[in-house]
Structures are given as C-alpha cells and as structure tokens.
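S.K.: This is the structure, below, for whatever I ask next.
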Amino acid sequence: MNYDKLKLDRQLCFPLYVTSKELIKNYKPLLDPLGITYTQYITFMALWEEDNITVKELGQKLYLDSGTLTPLLKKMELQGFITRERSTTDERTVYIKLTEKGLELRDKAAHIPDKMVACLPVSMEEAFALQKLLQNYLKNMEH
C-alpha cells in the first residue's frame, strides 16, 4: 500500500496549522500589555466592526462555538470590556455590547496590524493574495 498521501509535506492542513500557530504566537507580546488574549482580540475586532450583536452572530463571524465563546465573553465582561444583555423578546438571545473601556481599547490596539505586517516573511502582495485565497476557501466551506 502506498502511504505517500499520509506524509506531512503532502498535507494542506499542516502548513496552515503551523503557520497559524506561529503567527498567533507573534501577537502575544503585543496583546499582553492590553491584558487580552488573541481570541479576545479577534472578538474585539468583530465588535468594533459591529457592536451590539447577538452571541450567535458573533460566533458565526468568528467561527467559534458557544462552548468556546461563552467563557470568553464571561471573562471579557468581568474585565469590564463588554456587557451581556438578554433580549426582552426572547430570553435565549443574548446581545454583546462594548463598554466604554472596550471601545477605548481600540485606540490602544490600533498599532497591532502594522506591527504584525512588519514580522511577516512575505511581501504585502503575497500576504493579500493568501488572505484572499483563504477568505474564498472559508466562504466555500460555509453551507
């Protein structure tokens, strides 16, 4: 039987996994002074784009399930960055809203994308092409 298909260098998932892991590691020294994790950072970015959205909508934007998102949001609420409010018409629906502290964090995080670009081992053109390719892949994965 031929096992070549099982080699790491033949897998698409492996370089994506390692690249993602290494890239996220580079965020740590930028996010630590803000007191947030990478997952909180992407949650903030989603909320800075569209505030006062439901947990379900936020989970869809971030590709996170409620088991991951709920403890994350509870922690962000304890840190004073967001509020969670149940809908008055459907108590199963919870809205997430940034507090003033959460909104102010955007100014403190504004430098992060430029710092991350500086550490990429690819040109801007390559980075944009890869981003577009991966975004198309995600869209095609959605059902």
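Bear in mind these aren't lab numbers, they're just calculated from the coordinates by the rules spelled out. All of these numbers come straight from a predicted model, not from anything done at the bench. When we count neighbours, we look across all protein chains shown, and the Cβ atoms used for this are built from the backbone with ideal geometry, even at glycine.
S.K.: Quick check: residue separation of Lys139 and Glu100 times 0.36 nm, minus the Cα distance between them. What number comes out in nm?
M.R.: Taking Lys139 through Glu100 to full extension adds about 10.7 nm, to one decimal.
S.K.: Counting alpha carbon pairs within less than 8 Å and at least 6 residues apart, what relative contact order, in whole percent, applies to region 35-105?
M.R.: On the way: 76 pairs, mean separation 23.2, N = 71.
The value is 33 percent.
S.K.: With the crude spin-label approximation of a point 7 Å out along Cα→Cβ, what separation in nm comes out for Gln60 versus Tyr17?
M.R.: Computed distance between label sites Gln60 and Tyr17 equals 3.0 nm.
S.K.: Here is a follow-up. Select from Met76, Met124, Met116 the residue whose mean-square fluctuation is largest in a Gaussian network model of the chain (Cα-Cα springs shorter than 10 Å).
M.R.: Met124
S.K.: Where Rh is the Kirkwood radius over the Cα pairs of the chain, the temperature 37 °C and the viscosity 0.692 mPa s, what D in µm²/s does Stokes-Einstein return?
M.R.: Using the Kirkwood radius from Cα pairs, D works out to 189 µm²/s.
S.K.: Continuing with the same structure: Of Ala110, Thr93, Tyr137, which is farthest on the positive side of the dipole of region 57-143, counting Cα position, with +1 on Lys and Arg Cβ, -1 on Asp and Glu Cβ, and the Cα centre as origin?
M.R.: Comparing the listed Cα positions along the dipole, Thr93 ranks first.
S.K.: Exceeding 26 Å between C-alpha atoms, which entries from my cross-link table qualify? They are Lys5/Lys25; Lys56/Lys101; Lys7/Lys56; Lys61/Lys97; Lys25/Lys75.
M.R.: Lys5/Lys25; Lys7/Lys56
S.K.: How many angstrom separate the Cα center of region 102-133 from the Cα center of region 41-79?
M.R.: 20
S.K.: Counting other C-beta atoms within 10 Å, and keeping those with at most 15, which DSSP coil GluC sites (Glu not before Pro) do you find in region 1-101?
M.R.: Answer by residue number: Glu50, Glu91.
S.K.: Same structure, new question: Taking each full run of DSSP H in the chain as one helix, which ones are at least 20 Å long along their axis (Cα atoms) and have mean Kyte-Doolittle hydropathy of at least -1.0?
M.R.: Details: long enough: 13-31 (27 Å, 0.17); 124-141 (25 Å, -0.26).
Going by DSSP H runs, the hits are 13-31, 124-141.
S.K.: What whole-number value in cubic angstrom gives the convex hull volume per residue for the C-alpha atoms of region 50-104?
M.R.: 79
S.K.: By the gyration tensor of its Cα atoms, with a ≥ b ≥ c the square roots of the eigenvalues, what is the shape of region 3-67: rounded for a/c under 1.5, prolate for a/b over b/c, or oblate?
M.R.: Since a/c reaches 1.5 but b/c is at least a/b, the shape of region 3-67 is classed as oblate.
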